[in-house]
Amino acid sequence: MDGFEVQRKISNDVVILNLKGYLDAHTAPQLEKALQTCIDQKEYKIIINFENLSYISSAGLGVFMGFIEEIRQHGGDLKFSNMNPKIFRVFDLLGFPNLFEIFDDERDALNKFNSK
Amino acid sequence: MAAKSNKFHLKIPSQTDNLEIIRDFVAKIARKVGFNEDDINKIELAVDEACTNVIKHAYDNNSKNPIDITIQIDYQKLTILVTDKGKGFDPTKLKTPDLQEYLAEMRVGGLGIYLMKNLMDEVEINSKPGKGNQVRMVKYLDKGDAPPPQAANSS
């Protein structure tokens with residue numbers, strides 16, 4: 001494991017954040033910053049792709065909780081994709097599948113945004 | 001493996017950039033004991049959560065204070081003690097988080113203890129207000145996680 005990185009790309013009006021490395025209490029502020037940038041730019045349709053994330057703790061999940069309300073108030077959503085079983089288990093233990101839509105693939109999440 | 005007792009100790013400044021070192025330390029010992037990767041991931045996360053709580057809550061992000069991690073290996077059993085000398089709290093006042101409530105209040109954090117209890121076989125929190133806290137976590141190596149030594153040697 002080597003640090004944490006957020007790569008950002010845009011598909012039409014949807015922002016896709018690709019997370020890489022480990023997301024813990026030390027690196028969570030980086031994700032906070034990336035999401036805050038989206039909010040500041042009024043980008044409220046966001047997909048988080050977890051394909052290259054090797055580790056997450058509750059500090060990482062807390063970041064999503066901190067932003068979701070504001071994002072949904074603006075008619076947007078945070079959707080998740082490409083979680084490996086290790087990452088999914090943490091989300092599952094904390095009941096996140098009831099609060100967020102989780103897709104196997106980034107394309108499915110994009111389709112969901114575009115179908116609205 | 002014969003019944004033997006081993007103790008490992010890590011005393012480390014209370015800083016979030018040390019969480020990775022703490023996870024590596026714990027994971028390496030758990031792997032050596034013979035836990036499978038799945039359980040190693042659980043142990044690593046539980047210890048991360050305990051230490052994150054120490055850094056953020058017990059010490060209020062004051063890195064001058066140390067976190068003390070002791071790992072005791074007994075036969076089929078890994079015991080981890082995470083000790084701090086920070087602010088204590090009343091563990092009886094802890095409640096299982098209501099996730100919808102968390103969401104509504106935009107509260108972040110506070111999920112760590114809930115996770116620890118789900119990831120480990122035993123979790124015990126002792127807190128002395130003004131003196132510090134100790135989290136004791138146990139994971140057993142008995143649930144068919146590792147091949148028994150006889151089977152591993154027999155082929």
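Phi angles across segment B:21-33 convert, under the Karplus curve 6.51 cos²θ - 1.76 cosθ + 1.60 with θ = phi - 60°, into 3J(HN,Hα) values of 5, 5, 4, 5, 4, 5, 5, 5, 5, 4, 5, 4, 5 Hz, Gly and Pro given as x.
Note on A:R89: accessible area is roughly 50 Å² with a 1.4 Å probe, heavy atoms of protein only. Using the Cα centre of segment A:4-114 as origin and beta-carbon charges of +1 (Lys, Arg) and -1 (Asp, Glu), tell me which of A:Y44, A:I102, A:Y22 is placed farthest towards the positive end of the dipole. Farthest towards the positive pole: A:Y22. What FRET efficiency do you get for A:E70 and B:D74 if R0 is 35 Å and r is their Cβ-Cβ distance, rounded to the nearest 0.05? Computed FRET efficiency for A:E70 and B:D74: 0.10. A straight chain from B:D121 to B:D24 at 0.36 nm per residue would run longer than the Cα-Cα distance by 32.9 nm. Shown is the FRET efficiency for B:I12 and A:K86, computed with R0 = 25 Å from the Cβ-Cβ distance and rounded to the nearest 0.05: 0.55.
Pairs A:K9/A:K112; A:K33/A:K112; B:K28/B:K56: which exceed 23 Å Cα-Cα? Listed pairs above 23 Å: A:K33/A:K112; B:K28/B:K56.
Under 15 Å of direct C-alpha separation, and excluding same-chain neighbours fewer than eight residues apart, B:K7 reaches these aspartates and glutamates: B:D68, B:D74.
The values are calculated or read from the model by the stated rules, or taken from the named source; none is laboratory data. This one's a predicted model, so the numbers in the text were calculated from it and none came from an experiment. We place every Cβ from the backbone using ideal geometry, glycine too, and count neighbours over all the protein chains shown. For accessibility, only protein heavy atoms count, side chains too; no ligands or nucleic acids. Shrake-Rupley method; radii C 1.70, N 1.55, O 1.52, S 1.80 Å.
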